[in-house]
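The values are calculated or read from the model by the stated rules, or taken from the named source; none is laboratory data. Everything numeric in this text was worked out from a predicted model, so none of it was measured. Here the Cβ is made from the backbone with ideal geometry for all residues, glycine too, and neighbour counts use every protein chain on show.
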Amino acid sequence: MPSLVLKVPFETQKQAIIARNSLSPDPVLKSNELNITFEVDEKTLVCKFAGISDRVIRVSISNVIDNLKTVVECFDEFDGKKSHTWELDENIKTNG
């Protein structure tokens, strides 16, 4: 059975764990044709693919990478950034 290991480095272990937890709930539709496991090794997400053919693995990897792209975009947008939406500038005079 062909297999492949994909290692994705993150800035922190927390990000790698969030990525793993985000990807893990998606069940494999044809579990008799494909097996995917997600593990975290320090700051690295380790994705292990095993399938009945190279094509099955390639399609699966493509889907995982698309989902990882969304996870990384969320990190870029929200992780560690201070929200400035509701902060009041102290130099602005208000009626209250």
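Condition check ((1) in contact with a Ser or Thr (Cβ under 7 Å, 6 or more places away or on another chain); (2) surrounded by 15 or more Cβ atoms within 10 Å (Cβ to Cβ); (3) among the polar types (S, T, N, Q)) across all residues:
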site	(1), (2), (3)
P9	yes, no, no
T12	no, no, yes
R20	no, yes, no
P27	no, no, no
E39	no, no, no
K43	yes, yes, no
Exercise. Conditions: (1) in contact (Cβ under 8 Å) with a residue 40 or more places away in the chain; (2) part of a loop (DSSP other than H, G, I, E, B). P25 meets all but one. Number of the miss?
Worked result: (1)
For this session: Could you tell me whether the range 45-56 includes any residue that is surrounded by 12 or more Cβ atoms within 10 Å (Cβ to Cβ), aromatic (F, W, Y) and at pLDDT below 90?
Result: no
For this session: Kindly indicate whether V8 is under 11 Å from the mean Cα position of the chain (by Cα) and outside any helix (DSSP H, G or I).
Result: yes
